[in-house]
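What follows draws every value from the coordinates through simple rules; no lab data is involved. Quantities reported herein were computed from a predicted structural model and do not represent experimental measurements. Backbone-built Cβ (ideal geometry, glycine too); neighbour counts: all protein chains shown.
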Amino acid sequence: MRTASLFSPPDMEASSVTGTATFVVTAARCPQLLCRLLGLFAQQDRVVEALSVEARPRGYRAAITIAGIDAQRAEIIEHKMRAIVSVRTVRLRFG
């Protein structure tokens, strides 16, 4: 007979390791874009470590860095960013 462990499995423990995530987003010009992107972090009570936005002829390029976030949470936010209508691409760097 097998009994359930009260401890998290090893793969669950690995996902709780925190690091720094940088999201690089390209999007069409939209006056609500920055509020929508930053709102995703505000919902998680996260503080932005660095933010840069570049206006280009065909849209925006934004880089947002968040420290102290786990990889799983960063991937969830990445998927939410992709759901924003004006967003074209999202790249996530985690380390």
Could you list, in sequence order, the residues of the range 47-92 that are surrounded by fewer than 16 Cβ atoms within 10 Å (Cβ to Cβ), farther than 12 Å from Val24 by Cβ and of a type in the set (D, E, K, R)?
Glu49, Arg56, Arg58, Glu75, Arg82
Please determine whether any residue of the range 49-71 is of a type outside the set (D, E, K, R), within 13 Å of the chain's Cα centre (by Cα) and assigned to a helix (DSSP H, G or I).
yes
Flagged in the range 12-48 as within 13 Å of the chain's Cα centre (by Cα) and of a type in the set (Lys, Arg), in numbering order, are Arg36, Arg46
